[in-house]
Amino acid sequence: KSAQFKNMIKHIDQVPENVIKEEERLTAASPFRQKFHIEAKSGFLNDPNGFSFFNGKYHLFYQWTPLAFKKDPSIWHHGWYHLASSDLVNWEDLGPAIESDSPLDKHGTYSGSAMTVNDKLFCIYTGNTWTNTQTDDWRRLPYQVGAWMDKKNRFEKIDKPLITDSFSDCTGHFRDPKIWMHDNNYYAVLGAQRRNLTGTAKIIKSVGSDLTQWQKYGELKTDEKHLGYMWECPDYFEVDGQGVLLFSPQGLPAKGDHYRNIYQTGYFIGEPLNYDTLEFKHEKFKELDAGFDFYATQTMEAPDGRRIMLAWFGISEIDYPTTKYHYSGCLTIPRELIIKDKKLLQRPIRELKSLRKKETQINLLIDDSMSELNLTGMVTQELDFEVDLSLAEKFVLDLRADQENSHHTRLIIDKEKQACILSRKDSGVMFAEKYGTERRRQVKFQEKLHLHIFIDVSSVEIFIGKGEVVFSARIFPNEDQTKIFVQSIGGESHLVGKIWDL
Ligand code: FRU
């Protein structure tokens, strides 16, 4: 480790311009570059951070390691990359923001959050550091670090840590503070690992009002004592008077159709948190997204009160086909979270309507022969329709299909089994096969089911039953896979709705 850390660079300015340009050139040559999703110009993108509304705009950062695929540890570098937007659709590129240039974050400016305080944006994140003992045993020493951003987007770090090290009953895995305010006090929830190697969430609380002093307040008391070995990126918020803890636990074994990805993201819904005892009474853990590539969510409350969420449209340790072009990762479209019957529903935010171009109406009776749905040939599309299966058994939707329909990303709605299945077995370039090529969820419906789908160059996001079941999947089709086919099995289905080119 000493060798690895010695030459680590602290600031992007230390990297020669031509090195960055060369990386960006490689990335730009990728056939998989997304059209309306956030991606890095090059390098590795992971968690969304600091999602907030400040100075009349939405601000969003992401974890960024620009030279991750250069495979040269001497120029390894890590930080928060900054974007701003007035509509959550068109993003202004504000460049690298918080870098690993202080003793408190020298081995990584890790995930965190932000909140407007007076006329500044207060950011809180985990400074990852490694420290070695006499015996050369390296251990993680996390700091929770504060930084202020002013209206000119200039950052100033608070030079003393807000919190030093982990809780005494936890290992060094203690990170990803998500801040909020309650009764004039600031709190943050962090992911942690107990010394018995189980995951949990801890709360810190600010002392005084200037946000420079914080205390370790306590453990969030949930019913789950053994849910995985580490919880990452926890987020506590309330919607309609109910408390939600959304987080990414690592180490849940696959169970039936659930927890099929390497790491999971899900939530507890319950009564609002008791701030005196830190008790949180909640329902059982529920996985949030049913797809393949979804992790490390972050939410914010929009000025109009909506709870909006973004996630990393990817997962650790998956080797995405884009790494060949020296980049990886993107963020999901922003989604509104709604609570219905103690469940979180995800819906694409209404602002995305501004992406719509040519509109095509669909009103189609289909049978067991393949019918073509995409008549414009554009690959980036939004589909919003209802399928009526009263006379049919199954509805098959093939997205990003080639002419012969031998390659496609296939969604099957099975009325009898009340299930929906997404398969990327024939999607295109294969990856992550060891975690399976199919995902499945139960969905309750009578005859009609609503589908709302966003297709980008290398992804699909499928919202079923108004957000009851959502499949998020990266796919890497060949360029000739521009078609959509539909088929009805066991009788006719009726489709009514619209398609837009995006
Ligand atoms: C989740 C995560 C966080 C950490 C960050 C580092 O993907 O591991 O826990 O803060 O990524 O990039």
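Looking at the stretch 228-288, which GluC sites (Glu not before Pro) are in a loop (DSSP not H, G, I, E or B) and have at most 16 other Cβ atoms within 10 Å? Don't jump to the answer; show the numbers that get you there.
On the way: sites: E232, E238, E279, E283, E287; in loops: E283.
Answer in residue order: E283.
How big is the charge dipole of the stretch 164-241 about its Cα centre, in debye rounded to the nearest 20, if each Lys and Arg gets +1 on its Cβ and each Asp and Glu gets -1 on its Cβ? Present the calculation step by step, with values, prior to reporting the outcome.
Working: 9 positive and 12 negative charges, 72 e Å.
Value, rounded to 20: 340 debye.
Would you mind estimating how fast the stretch 116-191 diffuses translationally, via Stokes-Einstein at 4 °C and 1.567 mPa s with the Kirkwood radius over Cα pairs, in µm²/s? Numbers along the way, then the final one.
Details: Rh = 13.9 Å.
So the translational diffusion coefficient is about 93 µm²/s.
Among A29, V89, L141, flag the residue with its Cα farthest along the positive direction of the charge dipole of the stretch 1-152, charges on Cβ as +1 for Lys/Arg and -1 for Asp/Glu.
Towards the positive end, the residue furthest out is L141.
Distance between the C-alpha centers of the stretch 466-480 and the stretch 402-456? Whole Å please.
Cα centroid to Cα centroid, the span is 8 Å.
For the stretch 375-440, what class follows from the C-alpha gyration tensor (a ≥ b ≥ c being the square roots of its eigenvalues): rounded when a/c is under 1.5, otherwise prolate if a/b is larger than b/c, else oblate? Numbers along the way, then the final one.
Values: a/c = 2.16, a/b = 1.17, b/c = 1.84.
Judged from the Cα gyration tensor, the stretch 375-440 comes out oblate (a/c at least 1.5, b/c at or above a/b).
Report the paramagnetic label zone for T212: residues of the stretch 119-146 whose backbone N is under 18 Å from a point 7 Å from Cα along the Cα-to-Cβ axis.
119-125, 144-146, by backbone N distance to the label point.
Work out, step by step, the length gained on full extension between L375 and D137: first 0.36 nm times the residue separation, then minus their alpha carbon distance; give nm to one decimal.
Fully extending the segment from L375 to D137 adds 79.5 nm.
Determine, at each q value in 0.06, 0.09, 0.11, 0.12 (inverse angstroms), the log₁₀ of I(q)/I(0) that the Debye formula gives when each Cα of the chain is one equal point scatterer.
-0.28, -0.63, -0.94, -1.11
Can you compute the modelled spin-label distance between Q418 and R350, with each label point 7 Å from Cα toward Cβ, in nm?
Placing both labels 7 Å beyond Cα along the Cβ direction yields 3.2 nm.
Between E271 and T164, what length in nm is gained on full extension when 0.36 nm per residue of separation is reduced by their alpha carbon distance? Don't jump to the answer; show the numbers that get you there.
Details: separation 107, 0.36 × 107 = 38.52 nm, distance 3.09 nm.
Roughly 35.4 nm would be gained on extension.
Once the piece of chain linking K6 and E279 is laid out straight, how much longer is it, given 0.36 nm per residue of separation minus the C-alpha distance between them? Don't skip to the answer; put the middle values down first.
Details: separation 273, 0.36 × 273 = 98.28 nm, distance 4.40 nm.
Computed gain between K6 and E279 is 93.9 nm.
I'd like to compare 23-35, 193-205: which one has the highest average count of other Cβ atoms within 10 Å, and what's the full order after that?
Values: 23-35: 16.7, 193-205: 19.6.
Descending packing order for the listed peptides: 193-205, 23-35.
To the nearest 10 degrees, how steeply does helix 17-28 sit against the main Cα axis of the chain, on a 0 to 90 scale?
With both axes taken from Cα atoms, the answer is about 20 degrees.
What dipole magnitude, in Debye to the nearest 20, does the chain give about its Cα centre under +1 on Lys/Arg Cβ and -1 on Asp/Glu Cβ? Before the final figure, lay out the partial values.
Numbers: 64 positive and 72 negative charges, 167 e Å.
It works out to roughly 800 debye.
Looking at G228, Q193, I315, which one has the Cα that reaches farthest to the positive end of the dipole of the chain (charges on Cβ: Lys, Arg +1; Asp, Glu -1)?
So the residue we want is Q193.
Report Rg(Cα)/(2.2 N^0.38 Å) for the stretch 96-253, keeping two decimals.
Values: Rg = 15.7 Å, N = 158, 2.2 N^0.38 = 15.1 Å.
The value comes to 1.04.
Take N118 and Q242, extend 7 Å from each Cα along the Cα→Cβ direction, and tell me the distance between the two endpoints in nm.
So the label points at N118 and Q242 sit 3.9 nm apart.
Once R0 is set to 51 Å, what does the formula 1/(1 + (r/R0)^6) return for the Cβ-Cβ distance between V15 and E492, expressed as a FRET efficiency to the nearest 0.05?
0.30
For the stretch 307-343 and the stretch 135-172, what is the separation of their C-alpha centers, rounded to whole Å?
Spelled out, the Cα-based centre of one part sits 25 Å from the other.
When only Cα pairs under 8 Å and 6 or more residues apart are kept, what is the percent relative contact order across the chain? Before the final figure, lay out the partial values.
Working: 1346 pairs, mean separation 62.4, N = 502.
Relative contact order of the chain: 12 percent.
If R₀ is 22 angstrom, what is the calculated FRET efficiency for the pair R154 and E92, using the beta carbon separation as r and rounding to 0.05?
Working: r = 16 Å, r/R0 = 0.72.
Once rounded, the FRET efficiency stands at 0.90.
Of all alpha-carbon pairs in the stretch 356-501, indicate the percentage at a distance above 23 angstrom. List each step's numbers first, then the result.
Working: 3002 of 10585 pairs.
Taking all Cα-Cα pairs of the stretch 356-501, the fraction more than 23 Å apart is 28 percent.
Report the trypsin sites (Lys or Arg not before Pro) located in the stretch 53-96 that are in a DSSP loop and have at most 15 other Cβ atoms inside 10 Å of their Cβ, or state none. If you can, show how the numbers build up before the last one.
Values: sites: K57, K70, K71; in loops: K70, K71.
Listed in order of number, the matching sites are K71.
A short reminder: the numbers here are calculations on the coordinates, not readings from a lab. As the structure is a computational prediction, the values presented were derived from the model and not from experiment. Reconstructed Cβ throughout: ideal geometry from the backbone, glycine too, with neighbour counts over all protein chains shown.
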